[in-house]
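Okay, structure first, notes after.
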Amino acid sequence: MPAQQVKLYQIGTFAVGNRLLDAEQRTVQARMDRSNSLTSGHRACRGCGEALGARYVLDAAMRATGGQIVAANATGCLEVFSTPYPETSWQLPWLHSLFGNSPAVASGMAAALRAQGRRDVRVVGQAGDGGAVDIGLGCLSGMFERDDDVLFVCYDNEGYMNTGVQRSGATPPGARTATTRPLGAQPGNAFGQGKSLPLIAMAHEIPYVATATVADLHDLEAKVEHAMTLHGARYLHVLVPCPLGWGSASEDTVRVARLAKETGIFPVFEAEHGELTSVSRIRQRRPVEDYLILQSRFAHLFGEPRRDDIIARIQQQADRNIERFGLLDPRAQEA
Amino acid sequence: MLSQLEGSQATAKAVARCRPEVVAAYPISPQTHIVEALSDMVRLGELAPCEYLTVESEFGALSACIGASAMGSRTFTATSSQGLLFMAEALFNASGLGLPIVMTVANRAIGAPINIWNDHSDAMAMRDSGWIQLFAGSNQEAVDLHLQAFVLAERLGLPVMVCMDGFVLTHAVERIDLPTVEEVDAFVPRFEPRQLLDPAHPVSIGAMVGPEAFTEVKYLMHARQMQALDEAPSIAADFGDAFGRTSGGLMHSYRTEGADTVVLALGSQVGTIEVVVDDLREEGHAVGVVELVCFRPWPETEVRRALAGAERVLVIERAFAPGAGGILAADVRLALAGTGTEVFGVVAGLGGRPVTRSAIRELVDDVRAGRLAPEGTHFLGLRTDVVEHQLRRADGPRPGPHAESVLAELGIVGSGSH
């Protein structure tokens, strides 16, 4: 029997562990000098995963660069809830141009900084899954391919939430949205081949690609800090549950995000130059049902008749992720 | 310094001497020679410090310019036709944000049917995008307008489109008096951005504006555009003082003194019209021509003043609004409303069809002899037999694609036979 692993945390995150950690290991958010780049008072929904994710990402990027960050933002929830002018929640230089162009805007910023010889100032681009996976994909791919010095962050809530929860290219199969209602023989979103933007990013062989969730904010911060030590095109894909669109309880945002990882539905990993370099292992494997049942967008799978066939297909996808990315701890598997 | 240069090369050199810091462009004919030349200069370090971004689309090109301009860099891009339309959303964004980007539009027709040759459909389709639109009559003016465009854009905080006829100008080799680096440095001041993304002074740009303030924000765009009606002539006068030639401004009048008939047009066709005017004047006919340089903002008062006294005005334009008619003609009719001057709207030169000296002469003669109705829209050189036949065919079942049908009827093989 293998030696039992010592865990300093009880709920699967470092949230409680912060106080037990050395000062240097604590999260940026736990520090008095955090920059509050996305400060309080904005109009995100209760339990918004995107607001949580953006706050951690930007504060970590600000800390990593000594506050020398400029941000390009796509149209979407993050833009709308943060800037009902004259109110703005941004405490960094921030530009919103259009829905589909934030990667190109960020590229332009980086080019200007190069021309101006300002190596100290760094660029972060931000978009939701609509702005990155769908309408902004062309610009994003161009930014990757040119290896522009931009950290681009996609806050993936798996749908067009700002316009009223319609299906995006990142909406999972079976999910109910306003354009994939649970009607007919195949309720919810159709099964396709999926559209993994992290894998698409890796295919560009850019210096750094990582995925994260708002369930492990220490991991998210660490990935941002690492990304800021690198130059060239970097991509961070953060799963951010949306209580409104997913029909999950506001207080369950972190729990749902954690289950996305623990079920294998959302693989958390890092890659450099197209090669997988690390994965966050599943600590306690859970069936996808535990994840789905917390979200009313999947409620039709558990009604009358219960759609075990669809749940099984979603489980197959999670199993495939687990195998493909090696998400299980080999020692746990031996046990 | 005088040299024999292709229009695109001359434009590229003029732009280079304005010291852009970021150039982002996507290839589309007939604009490509301009950005190819700039790419070479950047690679050779002749433009340092300047970054050239080979973007994935025109939408990306202008979007990169938006980011770079907001970072405080002088930015330039160029496009044509479909590319300008693909930029459409970003065009409105750049002007709405008040970013002084300068763009060359090598004017080209818009499909379908796809056509790479010159007309003004592209620029006209974007006339409400909030960009200042200047049209060059010659390659010398194209060169000069680029210098003036950077000054105008940065003085007003608005983007400027310099339109030059695709192929007719971009690919024509002409004698060019190219301003020297020192002359351009003296004429185009350093870029002092009105707004800037700066970590030392963080601002939010591009916020949402609701009904409480949207009208006021949009009105300011309009007011700043209208300021160009004063600024453009003032900059052109400064240019005249510095370089000793007339270029830019709102318009150029040619032999309009005492003219009973004045032709008004945009772009390179004015050169041909001037030759016709010379012929007519020599024969004792009082005909003149006004070359409009500044189409947006629309210099309504100045147009009325320039055309005052003419019995009739003939607007020849290389674009039109389907279902409505001439675009420039409609604006001119508004400018001349109540003056008693008759306005004749003629659409000519679509998709690269040559607007010849003889055709213009015939047109002017027709107008002066009362053979053309002042109402409606006339299409110069339209093959009425073909369109009438095609309209009859269209009544039958499944008449098929009409462009291909017209080509078949005309017996045209390949695009170079016209």
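At a glance:
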{"read-out": "Buried area at the B-A interface (accessible, heavy atoms, 1.4 Å probe, summed, Å²)", "value": "2800"}
{"read-out": "Shape call, segment B:2-243: gyration tensor on alpha carbons, a/c limit 1.5", "value": "rounded"}
{"read-out": "Share of carbon and sulfur in the accessible heavy-atom surface of segment A:79-237 [1.4 Å probe, %]", "value": "52"}
{"read-out": "For chain B, with +1 on Lys and Arg beta carbons and -1 on Asp and Glu, the positive-most of B:Val209, B:Ile273, B:Pro399 along the dipole", "value": "B:Pro399"}
{"read-out": "Loop-located GluC sites (Glu not before Pro) in segment B:222-313 whose Cβ has at most 10 other Cβ within 10 Å (DSSP)", "value": "B:Glu257, B:Glu283"}
{"read-out": "Shape call, segment A:25-181: gyration tensor on alpha carbons, a/c limit 1.5", "value": "oblate"}
{"read-out": "Listed residues B:Asp241, B:Asp185, B:Asp165, most fluctuating in chain B (Gaussian network, C-alpha, under 10 Å)", "value": "B:Asp241"}
{"read-out": "Candidate aspartates and glutamates for bridging to A:Lys195, where Cα separation is under 14 Å - those fewer than 8 sequence places away on the same chain excluded", "value": "A:Asp129, A:Asp134, A:Asp156, A:Glu158"}
{"read-out": "Average beta-carbon neighbours from other chains, 10 Å sphere, peptide A:120-130", "value": "1"}
{"read-out": "Area accessible to solvent at B:His201, 1.4 Å probe radius, in Å²", "value": "130"}
{"read-out": "Peptide ranges A:33-40, B:21-28 listed from the most packed, as the mean C-beta count within 10 angstrom indicates", "value": "B:21-28, A:33-40"}
{"read-out": "Nearest-20 debye value, the protein assembly as shown charge dipole, Cβ charges on Lys, Arg, Asp, Glu", "value": "2300"}
{"read-out": "Value of [θ]222 nm, deg cm²/dmol, for chain B, DSSP H segments ≥ 4, -39500 (n - 2.57) each, nearest 500", "value": "-13000 deg cm²/dmol"}
{"read-out": "Portion, in percent, of the accessible area of chain B that falls on carbon or sulfur, probe 1.4 Å", "value": "54"}
{"read-out": "Calculated [θ] (222 nm, deg cm²/dmol) that DSSP helices of n ≥ 4 give over chain A, each run adding -39,500 (n - 2.57)", "value": "-9500 deg cm²/dmol"}
{"read-out": "Accessible heavy-atom area order of A:Trp90, B:Trp117, highest first, probe of 1.4 Å", "value": "B:Trp117, A:Trp90"}
{"read-out": "Amide hydrogen neighbours beyond the local backbone of B:Cys163, cut-off 5 Å, H modeled", "value": "B:Val105, B:Leu134, B:Phe135, B:Ala136"}
{"read-out": "Probe 1.4 Å, protein heavy atoms only - accessible area per residue of segment A:23-334 in square angstrom", "value": "38"}
{"read-out": "With Cα atoms, 0 to 90° folded angle of helix B:139-156 axis to chain B main axis", "value": "50"}
{"read-out": "Cα gyration tensor shape for segment B:251-379, rounded if a/c is under 1.5, else prolate or oblate", "value": "rounded"}
{"read-out": "J(HN,Hα) series, segment A:170-179, from Karplus relation 6.51 cos²θ - 1.76 cosθ + 1.60, nearest Hz, glycine and proline x", "value": "9, 5, x, x, x, 6, 7, 9, 5, 10"}
{"read-out": "Leading residue at positive end of dipole, chain B (Cβ point charges), from B:Leu134, B:Ala408, B:Leu178", "value": "B:Ala408"}
{"read-out": "Acute angle (nearest 10 degrees) that the helix B:58-70 long axis makes with the longest principal axis of chain B, alpha-carbon atoms", "value": "40"}
{"read-out": "Alpha-carbon centroids, segment A:33-77 and segment B:7-73: separation in whole Å", "value": "33"}
{"read-out": "Formal net charge of residues neighbouring B:Thr180 (Cβ-Cβ distance under 15 Å; K, R +1; D, E -1)", "value": "-2"}
{"read-out": "Centre separation in Å (Cα based) which lies between segment A:151-230 and segment B:358-390", "value": "59"}
{"read-out": "P(r), alpha carbons of chain A - 20 Å bins starting at zero, rounded %", "value": "32, 59, 9, 0"}
{"read-out": "Highest to lowest packing among A:295-306, B:58-69, A:204-215, scored as the average C-beta count within 10 Å", "value": "B:58-69, A:204-215, A:295-306"}
{"read-out": "Under 5 Å, built H, 5+ apart or other chain: amide partners of A:Leu239", "value": "A:Asp156, A:Ala212, A:Thr213, A:Val214"}
{"read-out": "Using θ = phi - 60° and Karplus 6.51 cos²θ - 1.76 cosθ + 1.60, couplings along segment B:78-89 (whole Hz; Gly, Pro as x)", "value": "8, 7, 7, 6, 4, x, 5, 5, 5, 7, 3, 4"}
{"read-out": "Residue mean of other protein chain beta carbons inside 10 Å, A:207-214", "value": "0"}
{"read-out": "Neighbour net charge for B:Asp144 - beta-carbon separation under 15 angstrom, K R +1, D E -1", "value": "-3"}
{"read-out": "Long-range amide H partners of B:Val343 with built H, under 5 Å", "value": "B:Val313"}
{"read-out": "Helix A:137-146 axis, angle to chain A major axis (alpha carbon atoms, nearest 10°)", "value": "60"}
{"read-out": "Packing rank of B:365-376, B:313-324, A:144-155, where each peptide gets the mean count of other beta carbons within 10 Å, highest leading", "value": "A:144-155, B:313-324, B:365-376"}
{"read-out": "Ellipsoid equivalent to the protein assembly as shown - semi-axes via the Cα gyration tensor, in Å", "value": "57, 30, 22"}
{"read-out": "Karplus-derived HN-Hα couplings along segment A:211-224 (A = 6.51, B = -1.76, C = 1.60, θ = phi - 60°), whole Hz, x at Gly and Pro", "value": "10, 7, 10, 7, 7, 10, 6, 5, 4, 4, 4, 4, 5, 5"}
{"read-out": "Nearest-20 debye value, segment A:23-334 charge dipole, Cβ charges on Lys, Arg, Asp, Glu", "value": "400"}
{"read-out": "Per-residue mean of C-beta atoms belonging to partner chains within 10 Å, peptide B:47-59", "value": "5"}
{"read-out": "14 Å beta-carbon shell around A:Val70, net charge (K/R +1, D/E -1)", "value": "0"}
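The values are calculated or read from the model by the stated rules, or taken from the named source; none is laboratory data. On a predicted model such as this, the values are computed, not experimentally measured, just so you know. Note that each Cβ is placed from the backbone with ideal geometry, even for glycine, and that neighbours are counted across all protein chains shown. These accessible areas exclude ligands, DNA and RNA; they are computed on the full protein's heavy atoms, side chains included. Shrake-Rupley method; radii C 1.70, N 1.55, O 1.52, S 1.80 Å.
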